[in-house]
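Here's the structure we're looking at; comments come further down.
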Amino acid sequence: MSLNTKKKSGWPGLIEAYRDWLPVTEATPIITLQEGDTPLIPLNAISSRIGNGVKVFAKYDGLNPTGSFKDRGMTMAISKAKENGCEAVICASTGNTSASAAAYARRAGMRAFVLIPDGYVAQGKLAQALVYGAEVLAIKGNFDKALEIVREIAERYPVTLVNSTNPFRLEGQKTAAFEIIEALGNAPDWICIPMGNAGNISAYWMGFEAYFKAGISKQLPKMLGFQAIGSAPLVLNTTVKEPKTIATAIRIGNPVNREKALIVKEKSNGKFLSVTDQEIINAYKLLGKEEGIFCEPASAASVAGLLKCKNEIKNESTIVCILTGNGLKDPDCAINNNDATFFNGLDPNIDKIAQTMGF
Ligand code: F0G
């Protein structure tokens, strides 16, 4: 037997991989779960639906260690917090930030306080925060209220805020753009991305600009940001007091990175659009059934949005949809929204089972 050299080994995590592009020094303790290096998967069924030689890919960031893109930001935020001697971190979260913050903070030996909107965090995410040893504070209020509170607490008490207002978060998250450019040999024509607090779209743009300025890529992508229709403050250019959507991850009415996101839209000649919950679920099912990719509903907003803009796509374009989180995060949504054939309570009898199978 010889060594399988095709198997990737030794990925050190994104800080080591992109050290020269990140604000770390030899003195920074690197807290990593070997996040990053996620696959860029061709979406064949979706590409052929669009036709005209358009190539669509998914950047599947749901394959990070805690199942979402937040790990890219959290390895940086927690490493820097550790470097600064911090002993506790806090965040508000619709679920993924809390899972990621808990994992990295506990790994670094810190306390992790997470404020979540009671009843609006998907089961998988809550399970993660609990198992990773977070101190979970569920409030009667939405994410926007939770964020207001943690910002104030971080001002007054010795805890570091690890929401996307923490600049190190975006620094880590920008590495996803580097990986896309490395995989394609250039930046794509379009990026389709779901928006909540709008940190991620801002981080991607930082990454694309950095590689473009360094001459590593020859173009900048058009950034298309999508929100759920009941939770679309950036599309409507307002604040939504009571945001609603099945995609609880992006159930946010007052995004803190609003200004940054508007600059990204302008500079990239991009667009912000909303998609309905039904369009999100259609895309979610399509990704599962025809592409073999199980993402969470918020992530499917990127594909739902792309399909909505189908008629504006130039022939032969390359498009990357960002799938921000893993489908296993939200099992309730999966159980309630699928087109599967599911016979239960069957007798364990071969003939009857074969008959049920249609033979
Ligand atoms: N997709 C998923 C799966 C998310 O969890 C989030 C945000 C987004 C997209 C939007 O990213 O806020 O940078 O525009 N989740 C945060 C959280 C709010 O608390 O986990 P954004």
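Just so it is clear, none of the values below were taken in a lab; they were calculated from the coordinates. None of the values given here were measured: they were computed from a predicted structure. Glycine also receives a Cβ, built like all others from the backbone with ideal geometry; neighbour counts cover every protein chain displayed.
Provide the descending list of Cα extents for the stretch 156-263 along its principal axes, expressed in whole angstroms.
43, 38, 22
Equivalent-ellipsoid semi-axes (√(5λ), Cα gyration tensor) for the stretch 286-359, whole Å, largest first?
Details: eigenvalues 254, 52, 17 Å².
Calculated on Cα positions only, the semi-axes equal 36, 16, 9 Å.
When you have a sec, figure out the Kirkwood radius of the stretch 1-136 from all distinct Cα pair distances and drop it here in Å to one decimal? Don't skip to the answer; put the middle values down first.
On the way: mean 1/r = 0.0601 Å⁻¹.
By the Kirkwood definition, the hydrodynamic radius is 16.7 Å.
Regarding the stretch 262-325, what is the average projected area of its C-alpha convex hull, in nm²? Walk me through the intermediate numbers first.
Numbers: hull surface 19.9 nm².
Orientation-averaged projected area of the Cα hull: 5.0 nm².
When Rg is the radius of gyration of the Cα atoms in the stretch 43-200 and Rh is its Kirkwood radius, what does Rg/Rh come to?
On the way: Rg = 17.2 Å, Rh = 16.6 Å.
Result: Rg/Rh = 1.03.
If you wrap the stretch 225-359's Cα atoms in a convex hull and average its projection over all directions, what's the area in nm²?
Values: hull surface 45.3 nm².
If you wrap the Cα atoms of the stretch 225-359 in a convex hull and average its projections, you get 11.3 nm².
Using the Cα centre as the reference, give the magnitude of the dipole from point charges on the C-beta atoms of the stretch 70-190 (Lys, Arg: +1; Asp, Glu: -1; all else neutral), rounded to the nearest 20 debye.
Numbers: 14 positive and 13 negative charges, 60 e Å.
For this selection, approximately 280 debye.
Volume per residue, Å³, of the convex hull around the alpha-carbon atoms of the stretch 57-136?
Numbers: hull volume 6.5 nm³, N = 80.
Per residue, the Cα convex hull of the stretch 57-136 comes to 81 Å³.
Would you work out the charge dipole size for the chain about its Cα centre, treating the Cβ of every Lys and Arg as +1 and the Cβ of every Asp and Glu as -1, and quote it to the nearest 20 debye? All intermediate terms of the calculation are to be shown ahead of the outcome.
Working: 39 positive and 35 negative charges, 94 e Å.
My answer is approximately 460 debye.
Of LYS267/LYS289; LYS59/LYS314; LYS70/LYS308; LYS70/LYS125; LYS59/LYS310; LYS82/LYS265, which ones are farther than 24 Å apart at the Cα?
On the way: LYS267/LYS289 36 Å; LYS59/LYS314 21 Å; LYS70/LYS308 27 Å; LYS70/LYS125 12 Å; LYS59/LYS310 19 Å; LYS82/LYS265 34 Å.
Going by Cα-Cα distance, LYS267/LYS289; LYS70/LYS308; LYS82/LYS265 fall outside the 24 Å limit.
With helices defined as uninterrupted DSSP H runs, which ones in the chain have an alpha carbon span along their own long axis of at least 18 Å and mean Kyte-Doolittle hydropathy of at least -1.0?
Values: long enough: 70-83 (19 Å, -0.94); 143-156 (20 Å, -0.25); 199-213 (21 Å, -0.03).
Span-like helices here: 70-83, 143-156, 199-213.
Just subtract the alpha-carbon distance of ALA214 and GLU87 from 0.36 nm times their residue separation and send over the number in nm, one decimal.
Details: separation 127, 0.36 × 127 = 45.72 nm, distance 3.68 nm.
Answer, rounded to one decimal: 42.0 nm.
Picking from THR160, THR239, ALA261, whose Cα lies most toward the positive end of the charge dipole for the chain (charges on Cβ: Lys, Arg +1; Asp, Glu -1)?
Positive-end residue among those listed: ALA261.
For the chain, take N as its residue count and report Rg(C-alpha) divided by 2.2 N^0.38 Å. Write down the numbers at each step before the final one.
Working: Rg = 20.6 Å, N = 359, 2.2 N^0.38 = 20.6 Å.
Cα Rg divided by the expected 2.2 N^0.38 Å: 1.00.
May I have the extent of the alpha carbons of the stretch 107-146 along their three principal axes, as whole Å values ordered from largest to smallest?
29, 19, 11
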